[in-house]
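Everything on this sheet refers to the single structure shown next.
Values in this text are rule-based calculations from the coordinates and carry no lab data. Remember, predicted model here, so these are calculated numbers, not experimental data. Positions of Cβ are backbone-derived with ideal geometry, glycine not excepted, and every protein chain shown enters the neighbour counts.
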Amino acid sequence: KTQMVEPDPTTIIWRDVEWILAQPDGLNSNNVLSYFEMSPFWDPQCNNASLKMQTRFNDLKDLTVLL
């Protein structure tokens, strides 16, 4: 019987430069959760997943306060 060994997560490097370059405004506060959702570290039960689901129809263009 062959046993599957999970890779050590501290040795995994993940990035998707092509995805970032395909975004008109690059990586920003509006799409960062979608970007990290594709990573092997994303947990669908995490708080960020809940936040993404709750705000999917909101326009979060600028989360900074304008002075």
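So what's the convex hull volume per residue for the Cα atoms of the chain, in Å³?
Hull volume over Cα atoms, normalised by residue count, gives 158 Å³.
With a cut-off of 11 Å, note down the residues of region 21-55 whose backbone N falls inside the zone around a label point 7 Å from the Cα of TRP14 toward its beta carbon.
35-44
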